[in-house]
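Enquirer: Here it is, the structure, as structure tokens.
The values are calculated or read from the model by the stated rules, or taken from the named source; none is laboratory data. Everything quoted here is computed from the prediction, not taken from an experiment. Cβ sites come from the backbone with ideal geometry, for glycine too, and all protein chains shown count toward neighbours.
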Amino acid sequence: MKYFLGFLVLAVASVFLIAGRQGDKSLKPPLEIIPDMDRQPKLRPQTGNQFFADGKSSQLKVEGTISRGSPYEDSPENTGHITGTTNWVELIPVTVTAELMNRGHERYNISCAPCHGKQGDGKGVTTKYGMVAVANFHDARLVTMTDGEIFNTITHGKNLMGPYGSTIDINDRWAIIAYMRALQRSRLATIDDVPAANRASLNK
């Protein structure tokens, strides 16, 4: 016990000696535990630097650079919002093609099917290992949800679902949504959704 008390006294004294007099005036250089943030290797604007061919530290932006502000954040394709508002876009803002659907099918099976199931019914393999409350894409709530809000959920996550914005690029998010809508139509569609010229083939 006496060793513990001795160690405690020594520790308290050490802390006091190092930080207890913080704020006192002194002409001595400060004690720097981690000096990296005080003196960083960086280029100062409008100064010479031999690293670049033109000898200037200030360089133009790389061609193709896109700022995180407007117009990036005002594009429905990038955010799922109607431009200049906080309202979700109703329908997918990219052209739906067979190529997009095939890409969505592939990306869905990789990123979504483990939890939501290949049929979109919320019965993925993770449910066998204790995952609960997985969304069923055939529920009325998700059938009527706007494409923009679904895009936002994929990007930023919701409830138990983590964000996929850093692992699924923008075009692939829309491709997944297009394929998800196809899954919904495959279960919830009626004969009235089939063009009249093609209905006869369904009865064969």
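Enquirer: Kindly indicate which of K42, K123, K118 is in a loop (DSSP other than H, G, I, E, B), among the basic types (K, R) and farther than 26 Å from A133 by Cα.
Expert: Result: K42 is the single residue among K42, K123, K118 that is in a loop (DSSP other than H, G, I, E, B), among the basic types (K, R) and farther than 26 Å from A133 by Cα.
Enquirer: For the stretch 128-139, does any single residue satisfy the condition of being at pLDDT below 95, assigned to a loop (DSSP other than H, G, I, E, B) and closer than 23 Å to S75 by Cβ?
Expert: Step one: of the stretch 128-139, the residues at pLDDT below 95 are 128-139.
Now narrow it down to the ones that are assigned to a loop (DSSP other than H, G, I, E, B): 130-139.
Then drop every residue that is not closer than 23 Å to S75 by Cβ, which leaves none.
No, that holds for no residue.
Enquirer: With the requirement that a residue be of a type in the set (K, R) and without any contact (Cβ under 8 Å) to a residue 40 or more places away in the chain, what does the stretch 182-203 give you?
Expert: R185, R199
Enquirer: Quick one: would you say T144 is modelled with pLDDT under 95 and under 15 Å from R187 (Cα atoms)?
Expert: Yes, satisfied.
Enquirer: Kindly indicate the residue of the stretch 143-167 that is assigned to a helix (DSSP H, G or I) and free of Cβ contacts under 8 Å to residues at least 24 places away in the same chain and also surrounded by the fewest Cβ atoms within 10 Å (Cβ to Cβ) among those meeting that condition. Spell out how you get there, then give the answer.
Expert: Within the stretch 143-167, the first condition is being assigned to a helix (DSSP H, G or I), and the residues that meet it are 143, 147-156.
Next cut, free of Cβ contacts under 8 Å to residues at least 24 places away in the same chain only: 153-154, 156.
On the way: T153: 20, I154: 24, H156: 13.
So, considering only residues that are assigned to a helix (DSSP H, G or I) and free of Cβ contacts under 8 Å to residues at least 24 places away in the same chain, the one surrounded by the fewest Cβ atoms within 10 Å (Cβ to Cβ) is H156.
Enquirer: Could you figure out which of (1) assigned to a loop (DSSP other than H, G, I, E, B); (2) surrounded by 15 or more Cβ atoms within 10 Å (Cβ to Cβ) isn't true of T86?
Expert: Evaluating T86 over (1) assigned to a loop (DSSP other than H, G, I, E, B); (2) surrounded by 15 or more Cβ atoms within 10 Å (Cβ to Cβ) leaves (2) as the failure.
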